[in-house]
Every structure is written in C-alpha cells, then in structure tokens.
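Following: one structure in structure tokens, then a few remarks.
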Amino acid sequence: GKNEYDLLVIGGGSGGLACAKEAAQFGRKVAVLDYVEPSPQGTTWGLGGTCVNVGCIPKKLMHQAALLGSALKDAQHYGWNISQPVHHTWSVMAQGVQNYVKSLNWGHRVQLQEKKVKYFNIKGSFSDPHTIRGLTKAGKETVVTADNIVIATGGRPKYPMHVPGALEYGITSDDLFWLKKSPGKTPLVYYSYIVFIKIIVYICLIRVSPDVSLECAGFLTGIGLDTTVMMRSIPLRGFDQKKQICFTTQQQMASLVTEHMESYGTKFLKRCFPTKVEKLKSDRLQVTWKNADLDKEETDSFNTVMWAVGRAPDTKTLNLETVGVKTNSETGKIIVDASEATSVPHIYAVGDITEGRPELTPTAIAAGKLLAQRLFGQSSELMDYDSVPTTVFTPLEYGCVGLSEEAAVQRHGSDNIEVYHAYYKPLEFTVAQRDATQCYMKMVCLREREQRILGLHFIGPNAGEVIQGFALGIKCGATYPQMMKTVGIHPTCAEEVTKLHITKRSGLDATVTGC
C-alpha cells in the first residue's frame with residue numbers, strides 16, 4: 001500500500017528537471033517520466049524539453065549565426081577585406097547546433113543518474129491520483145506510484161487544422177531546428193503572421209508564437225533566405241503596444257521591431273490569412289491566402305511553410321479529468337494556486353502548462369526548485385512572478401521588464417503615470433553606417449512620490465544583456481531619481497538608459513545622438 005516514490009515528475013523539461021533534482025538534494029526518492037511524441041513531420045528529440053531542444057537554445061544559436069552575417073557586412077567598413085559573395089551553409093550550422101543540443105540531452109541524463117533520480121522514457125497517464133501507467137517503446141506496461149506528483153509537460157505548437165494541407169505539408173518550430181537541409185523558400189504562418197523563406201511563416205499571436213515567429217523569420221532572413229511573415233493581426237501581442245508620440249511620429253514598441261525587420265529584408269503580408277496549402281509537381285508548396293485589405297485571394301509558392309499559430313498544453317493523454325485536476329476550458333492549461341498546487345492536494349504543476357504563468361524557462365526552473373523546497377525542505381517561499389525580464393531575439397532585439405505602458409495605465413490611471421523615452425544611435429552603428437531609426441527605449445514610472453520605475457523597454461543590440469542588468473534594480477524598487485544618479489558605462493547603449501529625461505507628455509523631440 002505504500003507508494004514507491006516520494007515525488008514523480010511528469011515531463012523532462014526545464015521546470016520538471018529542476019524540481020526533480022532539487023527534491024533529490026533532500027534525500028527523497030524521485031522519478032522523472034518523459035516522452036517526446038514525434039511531430040506530425042516525424043521530428044523527435046531527447047531529454048530537456050522545449051527550451052533545450054526546439055526553443056531558447058537552438059533559436060539563440062541560430063540568431064547568433066545571423067548576427068555574424070550582419071557583422072561580415074559591417075566588417076568591410078572597419079577595414080576588413082571580405083571576399084564576395086559570402087555564402088551560408090545551413091547543414092554546417094545545423095550540425096553544430098544539433099550536436100550541442102545532444103550534449104545537453106546527455107548532460108541531463110548524467111545529472112539524473114548522479115542524483116539517483118529514476119528516469120522513465122515512457123508516455124504515461126493517471127489511473128488514480130497516486131498512480132501513473134504507461135507503455136515503453138517495446139509495449140511493456142510500467143506502473144509508477146508516488147506520494148506527490150508534479151505535472152510539467154509543457155506545450156506543443158498548434159496547427160491551423162481548418163486550413164487544407166496545413167498538417168500534411170507544414171512544419172513548426174518543433175521541426176525547424178532539426179532540419180538537415182536549408183528550408184529554402186519557406187512560409188511561416190502565425191495567426192498574426194506568415195513567414196515566407198521563400199519561407200512562409202503564419203503567426204497566430206498566442207503569447208509565445210509572435211516572438212518565436214519573428215525570431216525565426218529574423219535569423220532566416222539573416223542567413224540569406226527569402227523570408228515572408230504573414231500577419232493576421234498585430235505583432236508581439238502582450239508586449240508594449242502603447243502608441244509612442246515622439247516628435248511628429250506615432251509608433252508602437254512592437255511595430256519598431258517589425259519595421260526594422262522590413263528594412264533588414266524580411267517581407268510582411270499584413271492582414272492576410274491562409275486558406276489552403278497544396279503540393280505542386282515540382283515538390284514546392286503553393287500557398288493561397290486571403291488579403292483582407294484588398295478583399296481578394298492571392299497565391300505564391302514556397303519550399304517550406306512554417307506555422308506559428310500558438311501553442312497548446314500537452315495534457316490530452318494524461319487523463320486529468322479522471323483524477324479531478326481542473327483546467328481552463330478555453331486554454332486547456334492547468335489551474336494552480338500561488339503554491340503551484342492543482343485542485344488535487346498532492347498534485348502540482350509548473351511551467352508552460354499552468355494557467356496565467358509566463359511561458360519562460362527561468363520562471364519554470366525557479367518555480368520547480370521552490371516547489372521542491374516547500375515539499376521537502378520546510379520552506380514557505382513562493383515564486384514571485386512580478387517584474388520578470390524577457391527578450392525577443394529579433395535582428396534588433398527587444399527586451400523588457402515590468403509593466404507595459406498599457407498595463408501601468410490600467411493599474412494606476414493615466415494621470416499617475418510618467419513615461420520617459422528616447423531614440424538613440426549605438427556607437428557601433430556609426431562607422432558601419434547602419435540605420436538606427438528603430439533603436440528606442442522607454443521607462444514607465446509612477447508620477448507620485450519617488451517615481452518608482454514600473455517598467456523598462458529597450459530596443460537595440462544586446463537587449464537581453466541590458467535588461468538583465470536593470471532588472472535587479474527594478475525588482476528591488478528602483479526609482480527614476482536613483483536611475484538618473486547612476487553613472488553609466490561609456491560608451492555603451494545601456495548608458496543611455498541612465499540619461500532618460502524627455503517625457504512623452506512634454507511633446508519634445510526624443511532623439512538623442514547616442515555615444
């Protein structure tokens with residue numbers, strides 16, 4: 001009658017592995033159950049979850065490949081003799097990225113062994129609140145029982161099933177990073193976007209998808225592929241969309257990102273949505289779409305069609321309803337409280353699968369560790385989801401921490417908000433004669449008392465590194481006067497944040513010369 005394990009984690013991604021390893025540190029008997037269902041195109045991968053295999057890690061490495069391509073162009077202005085034309089070989093890049101990812105897969109397996117965490121490579125489901133049943137690849141049934149169970153199965157990309165040919169011929173981010181050959185002329189589709197390389201990406205704007213699609217479109221363009229993004233609605237929904245009144249122009253933080261991408265070479269089909277995908281005799285894919293502005297159908301052919309229409313929680317086969325775990329009927333995500341507990345007392349959930357949580361690797365890792373500490377280490381500390389920094393790794397990166405201007409106004413009222421902003425030019429752009437029109441930053445503050453900083457938004461090179469540094473101060477309650485007293489490091493882009501003095505309500509020109 002005694003359960004075999006103190007803790008069973010379902011899902012071998014960032015949050016699940018962090019929770020399992022932390023629990024093992026307390027001398028508890030822990031098991032991890034993980035299984036990767038092949039994508040519709042047959043792609044599969046090893047232990048580590050989305051971030052390691054088909055998310056943050058390969059995406060950032062391919063983003064770096066694109067940045068190096070841009071650096072080659074800049075290098076000529078700095079005196080380097082670069083033989084033209086310069087070519088990029090997808091297979092070399094892909095092999096290097098995939099080899100590194102596989103090393104991380106192996107590293108996770110070794111760490112589990114070292115911490116004496118039992119690893120089951122099976123697809124399981126609840127048979128009762130303490131029991132998981134599953135089949136191995138060989139068809140052998142395995143039964144695992146545990147006092148506590150943590151669900152951390154994450155999500156998988158959606159397909160627009162209403163579009164004929166979408167499932168048969170399209171790929172998603174689950175496939176892109178594992179392609180052996182260049183995707184060529186590829187379309188990415190996102191219910192806000194579709195990208196053609198002549199790749200086409202169609203975007204559906206459900207939290208993660210917009211930035212994933214733009215990031216993919218960005219590095220695909222950067223390595224020389226003809227890429228188009230098809231947008232059905234606005235880019236980067238959920239980030240700062242407030243119109244920026246600056247001198248004579250009105251722009252959004254998010255539109256600055258796409259504006260730069262257009263100048264960078266990415267094509268955009270705005271207010272368009274796909275109606276069908278067909279395979280031609282040449283093996284190319286013909287995409288037909290509806291142009292809402294022109295009220296007519298248009299068509300083009302591509303080598304690859306990539307869908308980025310949102311992600312769905314990977315819960316269908318878990319039999320959650322059998323054990324009474326409640327989910328949001330609209331999103332399918334698991335409802336949890338502040339302690340990551342579900343509606344069943346000893347069953348918990350962390351990461352992308354949970355309702356209302358940011359879909360970010362660091363938050364999943366932190367939440368998983370804290371959960372294990374509360375369960376087995378006599379801790380009472382809860383995960384703090386406020387002021388979590390994040391960055392979109394588009395060609396010109398966008399990083400932010402804290403509230404968007406819209407959220408700040410909704411929470412505190414427009415009369416209680418002061419926004420400082422500026423356009424700037426990175427020193428690195430000067431000799432290379434690069435356009436810095438979209439390099440922009442803004443700080444959202446309370447007007448009253450000490451003007452506490454509520455949010456910081458930064459578009460420019462190395463935005464992730466810049467925002468990570470300021471995130472600590474904002475998390476600790478930094479104020480605008482304190483920021484202005486901070487001595488910047490010269491000459492850097494981050495230094496410009498410490499010199500913000502133009503307010504939006506002043507109506508003055510917010511363009512600064514930079515370093």
Straight-line reach check, K333, cutoff 21 Å on alpha carbons, 8 or more apart in-chain or any other chain, hits among lysines -> K123, K158, K316, K369
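Roughly how many percent of the accessible protein surface of the chain is carbon and sulfur, given a 1.4 Å probe and a whole-percent answer?
51
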Tell me which lysines have Cα within less than 18 Å of K296's Cα, excluding those fewer than 8 residues away on the same chain? K270, K276
Any lysines with Cα under 23 Å of the K281 Cα? List them, leaving off those in the same chain fewer than 8 positions away. K180, K181, K185, K198
Residue-by-residue Karplus 3J(HN,Hα) for the stretch 99-104, coefficients 6.51, -1.76, 1.60, Hz, glycine and proline x: 5, 5, 4, 5, 5, 5
Calculated from DSSP helices alone, with each H run of at least 4 adding -39500 (n - 2.57) and the total divided by the residues of the chain, [θ]222 nm to the nearest 500 comes to -9000 deg cm²/dmol
So, with points 7 Å from each Cα along the Cβ direction, the Q64-T511 label distance in nm works out to 3.6
With the Cα gyration tensor of the chain giving a ≥ b ≥ c as the square roots of its eigenvalues, does the rule (a/c under 1.5 for rounded; else a/b larger than b/c for prolate; else oblate) give rounded, prolate or oblate? oblate
In the stretch 32-107, which chymotrypsin sites (Phe, Trp or Tyr not before Pro) are in a loop and have at most 12 other Cβ atoms within 10 Å, using DSSP for the loop call? Y78, W80
At 1.4 Å probe size, with every protein chain present, just tell me what the per residue accessible area of the chain comes to in Å². 44
Ordering 397-409, 364-376, 445-457 by per-residue average of other C-beta atoms within 10 angstrom, highest first, gives 364-376, 397-409, 445-457
The stretch 259-326 shape via C-alpha gyration tensor axes, a/c threshold 1.5: prolate
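The values are calculated or read from the model by the stated rules, or taken from the named source; none is laboratory data. Just so we're clear, the structure is a prediction, and the values are computed from it rather than from any experiment. Ideal geometry is used to build each Cβ from the backbone, glycine not excepted, and the neighbour counts take in all protein chains shown. When the accessible area is computed, the model is the full protein with side chains, heavy atoms only, and any ligands, DNA or RNA have been set aside. Shrake-Rupley method; radii C 1.70, N 1.55, O 1.52, S 1.80 Å.
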